[in-house]
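**Student:** Please see the structure below; I have some questions.
The values are calculated or read from the model by the stated rules, or taken from the named source; none is laboratory data. Note that the structure is predicted; figures quoted are calculated from it, not measured. Backbone-built Cβ (ideal geometry, glycine too); neighbour counts: all protein chains shown. All accessible areas refer to the heavy atoms of the entire protein, side chains included, with ligands and DNA or RNA removed. Shrake-Rupley method; radii C 1.70, N 1.55, O 1.52, S 1.80 Å.
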Amino acid sequence: MSDNKVQIFDTTLRDGEQVPGCKLNTEQKLIIAEQLDLLGVDIIEAGFPVSSPGDFKSVEAISKLVKKATVCGLTRSVENDIKVAGEALKYAVKPRIHTGIGTSESHIKFKFNSNPDAIIERAVNAVKYAKSFVEDVEFYAEDAGRTDNEYLARVCEAVIKAGATVLNIPDTTGYCLPHEYGAKIKYLKENVKGIDKAILSCHCHNDLGLATANSIEGVINGARQIECTINGIGERAGNTALEEVVMILKQHPYLNLDTGIQTEMLYGISQLVSDSMGIYTQPNKAIVGANAFAHSSGIHQDGVIKNRETYEIIDPKDVGVTESAIVLTARSGRAALAYRAKNIGYELTKLQLDEIYTNFLDFADQKKEVDDNDIHKIIENSKVYNEITSAE
């Protein structure tokens, strides 16, 4: 793999589906998996096979369907979990088992009632057992964000020796600041023996709104896989948003990091996931929100009409959006009104526009958004309507 290639590990169908009320049936999962494969993600985490017969069936079906991406199944460091995942993945062209265990002091003491050495032993045994089913084994050190770096390095070194090909360093609780998470990745790159035999992966949660920032800081410091979901859906406040990290790397080429994602598909797959899961995407969501390329402030509208790049750092077409939206509200200026009027057939002089704009503001103060039909009414009821129509 090229050193500047960042693999995209999509966990919409596993971590994303853990959102309350967002359960998908197998048919829905297959439709999304097919689109993810076309989108160009490198790994699709299809589910947690041991968790239910339905999830096993879905992972198995996705394994048969997906042709390009690696298909991954999640497990705990439990033999039966791993065995069941191996069975579910047996039809995959490129199968991966994702196994692991908590490594923070809190998890070791309270979750497992164990000790650091015993946790490493369990981790090693899990990886070795997973290797008996597949070559590609990813190990997750749950709560790595709050794990002591020196101990985390010991865990990573041990599982690499056992055969792990990917090391997932999750900020499970979304607690890390970006510089802290980046420093953790850098520490592992510099202190884990055999690190060149494995890929470091970022799996960041959004509890403090830092998931995307942490993932970007992770790849800047040497990670080469980002685990993410469409629309950033996931447990609690969600996961790193796929569309955000992909477009950040695309819009900052000097980072020399490439994902290979077909970005023109981002808006469409965002809509598909939102509709399938019945979960509303906030209008101001970066990249794929309804307002991501909508402008209602007069100052912004005037700039965008003159040159889109004055206020848009992304061409809407690059993410599958047809065009920017000039939304007319009481905050809109004359330039926006003239632009929208022209789109529906009215070429207004400056004097005509000044006359109509006064009526427009009165109308806009009574209504949140002025649509094309409203523009027709405003012009028809103006003093200059006859003058406008006679000039056409």
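**Student:** If we keep just the residues of segment 277-307 that are in a helix (DSSP H, G or I) and either modelled with pLDDT of 95 or more or in contact with a Gly (Cβ under 9 Å, 6 or more places away or on another chain) (or both), which is most open to solvent (accessible area, probe 1.4 Å)?
**Tutor:** Of everything passing the filter in segment 277-307, 299 is most open to solvent (accessible area, probe 1.4 Å).
**Student:** Follow-up. Out of (1) open to solvent by 10 Å² or more (accessible area, probe 1.4 Å); (2) part of a helix (DSSP H, G or I); (3) of a type in the set (Val, Ile, Thr), the odd one out for residue 245 is which?
**Tutor:** (1)
**Student:** For segment 104-207, list the helices (runs of 4 or more DSSP H) that sit wholly inside it and hold at least 1 residues that are under 27 Å from residue 236 (Cα atoms) and out of contact with any strand residue (DSSP E or B) (no Cβ under 9 Å at 6 or more places or on another chain); which are they?
**Tutor:** Per the criteria, 149-162, 178-191.
**Student:** In segment 1-51, what count of residues is obtained for those that are in a loop (DSSP other than H, G, I, E, B) and either open to solvent by 20 Å² or more (accessible area, probe 1.4 Å) or of a type in the set (Asp, Glu) (or both)?
**Tutor:** Of the residues in segment 1-51, 14 are in a loop (DSSP other than H, G, I, E, B) and either open to solvent by 20 Å² or more (accessible area, probe 1.4 Å) or of a type in the set (Asp, Glu) (or both).
**Student:** To continue, here is another question. Would segment 93-100 turn up any residue that is of a type in the set (Lys, Arg) and over 28 Å from the mean Cα position of the chain (by Cα)?
**Tutor:** no
**Student:** List, please: which pairs have Cβ atoms under 9 Å, are six or more places apart or on different chains, and start with a residue in segment 65-77 that is more than 16 Å from residue 87 (Cα to Cα) and open to solvent by less than 10 Å² (accessible area, probe 1.4 Å) and end with one that is outside any loop (DSSP other than H, G, I, E, B) and among the acidic types (Asp, Glu)?
**Tutor:** The qualifying pairs are 66/34; 66/37; 69/10; 69/37.
**Student:** Just to check your reading of the model, which residue among 285, 193 is farther than 18 Å from residue 152 by Cβ and among the basic types (Lys, Arg)?
**Tutor:** On inspection, the qualifying residue turns out to be 285.
**Student:** Okay, next question. For segment 333-392, please list each of the helices (runs of 4 or more DSSP H) lying entirely inside it that holds at least 2 residues being more than 17 Å from residue 302 (Cα to Cα) and open to solvent by less than 70 Å² (accessible area, probe 1.4 Å).
**Tutor:** 350-364, 372-380, 385-391
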